[in-house]
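A short worksheet on the structure shown next.
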Amino acid sequence: MRFIVNKLLYVLTLSLILIAQPQAAQEFVIQDIRVEGLERITPGTVFNYLPMKVGDTFDDSRSSEAVKTLFKTGFFEDVKLERDGNNLILIFKERPSIGTITMTGNEDIETDELLENLKQFGFAEGRVFVQSTLDQVKQELQRQYYSNGKYAVKINSTITELDNNRVGISIDVSEGLAAKIKKINIVGNTVYTEKRLLKEFKSSTTGLLSFYSGDDQYSKQKLSGDLEALRSYYLDGGYLNFNVDSTQVSITPDKRDIYITINVTEGEQYTVTEVKLAGDYILPQESLFDLISIQSGKLFSRKKITNSSKALTERLGQEGYSFANVNSIPDINKVEKTVSITFFVDPGKRVYVRRINFTGNAKTKDVVLRREMRQQEGAWISTTQVERGKQRLQRTGYFEDVNVETPAVAGTTDQVDINYTVEERSGGQLGAGIGFSQTQGFIFNTNVSQTNILGTGNRLNFQFNNSDTNTRYGLGYSNPYFTDDGIGSAYDIFYRETNAEDANLAVFETKEFGATFALSLPVTEHNTIGTSFGYTNTEISTEVGTSSQITNFIASNGNQYDILKFAMNFAYDTRNKSVLPDKGALQRINAVVSLPGLGDSLEYFKINYEAKWFKDLYNEDFVLVLGGKFGYGDSYGDTTELPFFENFYAGGPRTLRGYEENTLGPRDSTNRALGGDTRILYNAEIILPVPFLSSYKKQIRLTTFIDGGNVFGSNDDVSFDDMRYSAGLSAIWISPFGAVSASIAMPFADESTDEIQNFQFNFGTAF
């Protein structure tokens, strides 16, 4: 009521001023300007808006202009102009400011998020209160709830007067229940069934997982995306003239159920008769035609045309034409129902790189980033090399995130800068920690590590781990650029004690110490060859309950060995990240052989092969991962068999989930797991979006999986009939204090003697 009265007073006052001015106002030269009634607004602010100054002539028109201008600022409820001799007096009554904003009843949208979004309307504590702004705010809140399917939402506001010309605003939200999609009807379709077409939609009626996906909640934006997906599906099937004629969305009176009706005209299928290139090709036509996926004689497909244009643009970008433009021009024959497609190529100017800049690397030296670049300054730009530089920076492990931009150089048409922005990880760790593993029990570890020593990219690590299963001391140092051309080196010395029985294996203990030196050589951009040479002293101890297989081996080969190992490895790696990758592929093979001729040595070899492949499904939120591992080992020379402590094992979080760790495969004479000389593992996973934590997807991964495999001994026939399988869900969190992993799995094709462990987790262990 107070605000309505104030508005009426303002209208009355302004009317009286305008009526009185023709009679009372006289022209005069302003000698001074004074202001009265200000509380929060400074006189300087008034003078900035006032369309007159000392020395100007004051008259009726200037008076009217001043009043209108000052009211437009929104700061004042009332403005009066008076004259005192040749002095102009401005008398104000300020609008109240917003003292407090409180919100209640909002559960779907956080208060902080709402208030942050409402600042764009000028609605925030400390701002001038305007009733129309509050009305806009309520409309915006209503719009946000409508987008979440809450059509029964009610928003009420209460305004309370506070001291110092302030008001408190309380907004109460009654969200109501979200309206659900009850039915989606498609009318006019004859070629495809409604059931098939609805598979292209993200909107759906309520299903088993709707509480998680929200696919049964209507929003205008989501429906627009569904209609575009429907249009794309028909266009990819050759229906060039497909059209969505109309869409009707109706809601029941109780605002709980929504019905959607879509009317379509399918048209007829069109076939491609000819594919041509036009414009300035730059490259040979034959090489460009190889990039075009749509072909004559095939059905028209917008997706293939789009992919072809993209492939042509990217190929020109590799040659420095980063602003190339490729347009597809269809020539439609409505009588014959055919279409001829011409790809018009406009390469533009070849673009050169002026400078490559890095920001965000507060401690990492510039050379560490620059040596990962494949794009060179002064050369023409290659979009592939620019993106490759980003991937190589991500794979160093030094950075949480890497972004790249290629802004044009001001005043030029053929130069760009490349700006990489990195967010550094915390590279140094010093301290002690406690973890837990279902197999190793409680783990105490002390670790001093620096993954990026003084910003050089080198790594130094000292480790002491103590668990029920093993104790390990280790000191390692690695330099990924031992030489300027990328040859890497690594040194490692260690001492380790292991109680195999506590790891679900046969009864024996080992004490080992040794050292390893390794080199890695990049052969191509994605291929690396490595070699290592190491020495290990191993001592085996038996106990009561040690099986005959172990005692027989010791009887034939002794219980203490000095082993020299030589290893070669090859890796093909196109993954986009070293931790939690989601694109690319990995193939890795490693062969290690013990060298004869060193005292009490053992002669054996082992081969390991690993493959992993990542592929986006229908969008980047869902990624298919296929993987496999194969291992084989055997003895040679005077050694009777592959040493039992070098056997392969399976079961557990890192091999075959759902089975207790290391328990699969051959058993010894005491019916404990012995391991084998052959291991086959394979699995399929789908990386899922993490609900409510999408901003943390670089640290958290959720997957659904199927694992398969087993371990076989030297006397076993390798058969897929003997494989074990499991299916379930897994999660990994790369936390500041180590990796936390958990899985829940349901084994199948298992035997009654298998040791099942449906839930498995590790906390605080290395990833």
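The values are calculated or read from the model by the stated rules, or taken from the named source; none is laboratory data. These numbers were taken from a predicted model, which means no experiment stands behind them. Cβ: placed from backbone, ideal geometry, glycine included. Neighbour counts: every protein chain shown.
Annotations
- Single match in Tyr146, Tyr151 (criterion: farther than 17 Å from Phe76 by Cα, among the aromatic types (Phe, Trp, Tyr) and in a loop (DSSP other than H, G, I, E, B)): Tyr151
- From Gly676, Gly728, residue being over 30 Å from Asp634 (Cβ atoms), modelled with pLDDT of 90 or more and surrounded by 16 or more Cβ atoms within 10 Å (Cβ to Cβ): Gly728
- Test set (1) in contact with a Lys or Arg (Cβ under 8 Å, 6 or more places away or on another chain); (2) surrounded by fewer than 18 Cβ atoms within 10 Å (Cβ to Cβ); (3) of a type in the set (Lys, Arg) - Arg588 fails condition number: (1)
- Each residue in segment 106-131 was checked for being in contact with a Ser or Thr (Cβ under 8 Å, 6 or more places away or on another chain) and among the basic types (Lys, Arg), and 1 of them qualify.
- Residue in segment 158-168 that is outside any strand (DSSP E or B) and farther than 30 Å from Ile98 by Cβ present: no
- Ser578 falls short on exactly one of the conditions (1) surrounded by 17 or more Cβ atoms within 10 Å (Cβ to Cβ); (2) polar (S, T, N, Q); (3) closer than 30 Å to Ile700 by Cβ, and that condition is (1).
- Selection within segment 99-140 - surrounded by 13 or more Cβ atoms within 10 Å (Cβ to Cβ) and over 30 Å from Glu39 (Cβ atoms): Gly105, Asn106, Asp108, Ile109
- Where a residue in segment 628-655 is over 12 Å from Gly709 (Cα atoms) and its partner, wherever it lies, is assigned to a helix (DSSP H, G or I) and among the charged types (D, E, K, R), with Cβ under 8 Å and at least six apart: Gly633/Glu646
- Within segment 156-170, considering residues that are at pLDDT below 85 and either crowded, with 17+ Cβ neighbours inside 10 Å or touching a Leu at 6+ places or on another chain (Cβ under 7 Å) (or both), the one nearest to Ser210 (Cα to Cα): Val167
- Residue among Ser308, Ser296, Ser328 that alone is part of a helix (DSSP H, G or I) and out of contact with any Gly (no Cβ under 9 Å at 6 or more places or on another chain): Ser308
- Taking segment 333-427 as the region of interest, the strands (runs of 3 or more DSSP E) fully inside it that hold 1 or more residues being touching a residue at least 12 places away in the same chain (Cβ under 8 Å) and among the basic types (Lys, Arg) are 352-359.
- All of Gly411, Gly360, Gly378, Gly389 fail the test of being surrounded by 15 or more Cβ atoms within 10 Å (Cβ to Cβ), of a type outside the set (S, T, N, Q) and at positive phi, apart from Gly360.
- Near pairs, Cβ below 7 angstrom, 6+ apart or cross-chain, from segment 483-507 (acidic (Asp, Glu)) to any residue that is buried (at least 17 other Cβ atoms within 10 Å of the Cβ) and at pLDDT 95 or above: Asp492/Thr516
- Of the helices (runs of 4 or more DSSP H) lying entirely inside segment 1-106, those containing at least 3 residues that are among the polar types (S, T, N, Q) and at pLDDT below 80 are 2-24.
- Qualifying residue in segment 589-604 (condition: under 38 Å from the mean Cα position of the chain (by Cα), more than 28 Å from Glu501 (Cβ to Cβ) and either of a type in the set (A, V, I, L, M) or in a loop (DSSP other than H, G, I, E, B) (or both)): yes
Residue-wise test of (1) of a type in the set (A, V, I, L, M); (2) in the same structural domain as Gly378 (by TED's automatic domain parsing); (3) farther than 15 Å from Asp414 by Cβ.
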{"position": "Glu319", "(1), (2), (3)": "no, no, no"}
{"position": "Ser322", "(1), (2), (3)": "no, no, no"}
{"position": "Val326", "(1), (2), (3)": "yes, no, yes"}
{"position": "Ile329", "(1), (2), (3)": "yes, no, yes"}
{"position": "Ser340", "(1), (2), (3)": "no, no, yes"}
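- Taken over segment 309-330, residues that are within 15 Å of Ile294 (Cα to Cα), in contact with a strand residue (DSSP E or B) (Cβ under 7 Å, 6 or more places away or on another chain) and not β-branched (Val, Ile, Thr) amount to 5.
- Filter result for Val718 (out of contact with any Gly (no Cβ under 7 Å at 6 or more places or on another chain), in the same structural domain as Lys606 (by TED's automatic domain parsing) and at pLDDT below 80): no
- Counting only residues that are closer than 28 Å to Val29 by Cβ, of a type in the set (A, V, I, L, M) and crowded, with 17+ Cβ neighbours inside 10 Å, segment 70-98 holds 5 of them.
- Qualifying residue in segment 103-113 (condition: touching a residue at least 60 places away in the same chain (Cβ under 8 Å), in contact with a helix residue (DSSP H, G or I) (Cβ under 6 Å, 6 or more places away or on another chain) and either assigned by TED's automatic domain parsing to the domain that holds Thr205 or among the aliphatic types (A, V, I, L, M) (or both)): yes
Each row is one residue, and each column tells you yes or no for (1) over 33 Å from the mean Cα position of the chain (by Cα); (2) surrounded by 17 or more Cβ atoms within 10 Å (Cβ to Cβ); (3) over 29 Å from Asn662 (Cα atoms); (4) at pLDDT 90 or above.
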position	(1), (2), (3), (4)
Asp484	no, no, yes, no
Ala503	yes, yes, no, no
Glu512	yes, yes, no, yes
Ala515	yes, no, no, yes
Ala518	yes, yes, no, yes
Pro522	no, no, yes, yes
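Okay, residues lined up against (1) touching a helix residue (DSSP H, G or I) at 6+ places or on another chain (Cβ under 7 Å); (2) among the acidic types (Asp, Glu); (3) more than 18 Å from Tyr234 (Cα to Cα):
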site: Ser296; (1), (2), (3): no, no, yes
site: Arg302; (1), (2), (3): yes, no, no
site: Ser309; (1), (2), (3): no, no, yes
site: Thr313; (1), (2), (3): no, no, yes
site: Leu316; (1), (2), (3): no, no, yes
site: Lys334; (1), (2), (3): no, no, no
site: Thr338; (1), (2), (3): no, no, no
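- Checked against the criterion of being of a type in the set (A, V, I, L, M, F, W, C), over 16 Å from Gly675 (Cβ atoms) and assigned by TED's automatic domain parsing to the domain that holds Gln463, the candidates Phe508, Phe533 yield just one match: Phe533.
- Test set (1) modelled with pLDDT of 85 or more; (2) over 18 Å from Thr663 (Cα atoms); (3) part of a strand (DSSP E or B) - Phe763 fails condition number: (1)
- Hey, Lys629 crowded, with 17+ Cβ neighbours inside 10 Å, of a type in the set (D, E, K, R) and either in a strand (DSSP E or B) or out of contact with any Ser or Thr (no Cβ under 7 Å at 6 or more places or on another chain) (or both) or not: yes
- Taking segment 255-280 as the range and being surrounded by 15 or more Cβ atoms within 10 Å (Cβ to Cβ) and not in a strand (DSSP E or B) as the test, the residues that pass are Lys255, Arg256, Glu266, Gly267, Tyr270.
- Per-region count, segment 352-378, residues hydrophobic (A, V, I, L, M, F, W, C) and under 12 Å from Ile418 (Cα atoms): 4
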